[in-house]
Every structure is written in structure tokens, then in C-alpha cells.
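Q: Encoded as C-alpha cells, here's the structure I'll be asking about.
The values are calculated or read from the model by the stated rules, or taken from the named source; none is laboratory data. Everything quoted here is computed from the prediction, not taken from an experiment. Here the Cβ is made from the backbone with ideal geometry for all residues, glycine too, and neighbour counts use every protein chain on show.
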């Protein structure tokens, strides 16, 4: 699986990229048809502390899966986005299994 990390308006530290790679690699164990993953970080211009945004897009055959989260830190936002995508993958797998079993 190819992982692309984009940062808008800043340069990510190596610790953040390592953290993202570790968390996103789990997707390849959950679903083997993932072609690539795009992770985009940016800082929202809001007055609150919850201004760190993480967008994750999984490119798979058919419709891509997408999740975004906004938190106080990029790590928290990444964890929330990863959890949302894990639920989407499980939902997609069960939908595919039901369709295959009914045929």
C-alpha cells in the first residue's frame, strides 16, 4: 500500500509521519484491496484549540473511503479518522459478504 502524507502550511516532524505510517498500515491487514492512502494535515483558522485537521482517503476499487477529524493535536485527529475508516471498512466487508452469499 502506497501512503502519501501532505501537510498544508507547515512541515511535519518525523515523529508525526512515523505515527501516521504506523496507524495507517493497519488498514492493509483489515482489507487487502486498498491501492493507496492519502493523509492530509492542515490547521484550521478558528479561535478554538480544536484546529488541527486530519483527512484520510483510502483509494480502493469502486468508491473510495474518506474520513476527517478535527482535534487539539494531529495525533488525536489521526486516531479518530483511523477509527472511522475502520468502521467503514468493516461495514463494506459485511456488505460485500452478504451480497456474495445471496448470489
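Q: When you go through (1) exposed (fewer than 15 other Cβ atoms within 10 Å of the Cβ); (2) in contact with a strand residue (DSSP E or B) (Cβ under 7 Å, 6 or more places away or on another chain); (3) touching a residue at least 24 places away in the same chain (Cβ under 8 Å) one by one for residue 64, which number turns out not to apply?
A: Result: residue 64 fails condition (3) only.
Q: Let me ask something additional. Tell me whether segment 78-89 contains one or more residues that are part of a strand (DSSP E or B) and under 14 Å from the mean Cα position of the chain (by Cα). Outline the logic, then answer.
A: At the first step, the residues of segment 78-89 found to be part of a strand (DSSP E or B) are none.
No: zero hits.
Q: Additional query: Just a yes or no: is a residue in segment 29-47 part of a helix (DSSP H, G or I), within 14 Å of the chain's Cα centre (by Cα), buried (at least 19 other Cβ atoms within 10 Å of the Cβ) and modelled with pLDDT under 95?
A: Looking for residues that are part of a helix (DSSP H, G or I), within 14 Å of the chain's Cα centre (by Cα), buried (at least 19 other Cβ atoms within 10 Å of the Cβ) and modelled with pLDDT under 95, one finds none in segment 29-47, hence no.
Q: As an exercise: evaluate residue 10 against (1) at pLDDT 90 or above; (2) out of contact with any helix residue (DSSP H, G or I) (no Cβ under 9 Å at 6 or more places or on another chain); (3) outside any helix (DSSP H, G or I) and give the number of the one condition it does not meet.
A: Condition (1) is where residue 10 drops out.
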